[in-house]
Each structure stands twice: as C-alpha cells, then as structure tokens.
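Structure first, then comments.
The values are calculated or read from the model by the stated rules, or taken from the named source; none is laboratory data. Quick caveat, the model's predicted, so the values are computed rather than measured. Note that each Cβ is placed from the backbone with ideal geometry, even for glycine, and that neighbours are counted across all protein chains shown.
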Amino acid sequence: MRIAIALLIGMIFGLGIAISGMANPAKVLNFFDFAGSWDLSLIFVMGGALVTTAIGYRLVFGARAEPVLEAAYYLPANRMIDQRLITGSAIFGIGWGISGFCPGGAIPALGLGYGSTVLFVGAMVAGIALTRFALNALSPPARA
C-alpha cells in the first residue's frame, strides 16, 4: 500500500513538473538569462510549490499526531546551518544553473526523451555515490 501511494504521489509530482515545463532544461536556463530570453515562470512554479507545501504541512501536522502509513513522522533532527549544508546548496545551485536540471525535474524528464537527461541523472547518481564514499572515508571509525 505504501509503495502504491508513493508511486501515485511521484506520478502527480512528475506530471506537475512536466506540465509546468520545469522538465525542460532550456526553460529553466532561460530564468537565469536576464539579458536575453528571460523567463519568469520558474518564480511562479517555486512560489506555488512553497505555498502548497506550507499549507500542506499545517494541515497534516495540525490534524494528525502520527502519519497514516508509518509509526512516526521522520523529520530532520539537524537544524544547524553548517558548512556541509552551505557547500551542498552551492554545488546544487551551480549544477542547476549549468545544466538546467535539478533532481526534481530530471527524473520526470527521463520519460520525455531528452538525451542530456540520462547523462545528468547518471552524473547525479555518481556524485551522490562519490560523496557518500568520501564522507565515510573521512569520518573517524566507530568505537566499540
């Protein structure tokens, strides 16, 4: 049941990304082209997402003490703005600005036939794996 609901939610999200045009990297890159073909639609998509999320969080957390399909809500425990958050955010933003894809737009775009999407998603997965490997290699060993 959980997998079916997650699939349905993912399909709705992907459909929204595709309909809004955010799966098209050229549309996203045009947002950053102030002197050329500037496209302001990304602001409206992001604003709509923020408003929807804020309302959704208020409704869900205000109505239920625990989720329907889990024992508890899994929320981030770390609320610190630290070097890892800033570095990751900067890398995300640079990658998004260069490629026109973010993970939320790239996954639905896989089904739209853009050739560069497969390359981007492959590089994203490789980057995630490399980062996890590096963090595990750099972290001190656990004590018994």
Among L112, L119, which is farther than 19 Å from L15 by Cα and among the aliphatic types (A, V, I, L, M)? L119
Which pairs have Cβ atoms under 8 Å, sit 6 or more apart or on different chains, and link a residue in the range 46-65 that is in contact (Cβ under 8 Å) with a residue 40 or more places away in the chain to one that is polar (S, T, N, Q) and not in a helix (DSSP H, G or I)? none
Would you mind stating whether L112 is touching a Lys or Arg at 6+ places or on another chain (Cβ under 8 Å) and touching a residue at least 12 places away in the same chain (Cβ under 8 Å)? no
If a residue counts only when it is out of contact with any helix residue (DSSP H, G or I) (no Cβ under 6 Å at 6 or more places or on another chain), surrounded by fewer than 10 Cβ atoms within 10 Å (Cβ to Cβ) and modelled with pLDDT of 90 or more, which helices (runs of 4 or more DSSP H) contained entirely in the range 66-144 have at least 3 such residues? none
Within the range 1-43, track down each residue that is farther than 13 Å from G104 by Cβ, hydrophobic (A, V, I, L, M, F, W, C), touching a residue at least 12 places away in the same chain (Cβ under 8 Å) and not in a loop (DSSP other than H, G, I, E, B). I5, A26, L29, F31, I43
Counting only residues that are surrounded by 11 or more Cβ atoms within 10 Å (Cβ to Cβ) and of a type in the set (D, E, K, R), how many does the range 1-32 have? 1
Out of F101, F92, sole residue that is under 24 Å from I17 (Cα atoms) and in contact with a Pro (Cβ under 8 Å, 6 or more places away or on another chain): F101
Please go through the range 33-65 and pick out each residue that is surrounded by 14 or more Cβ atoms within 10 Å (Cβ to Cβ) and aliphatic (A, V, I, L, M). L42, V45, A49
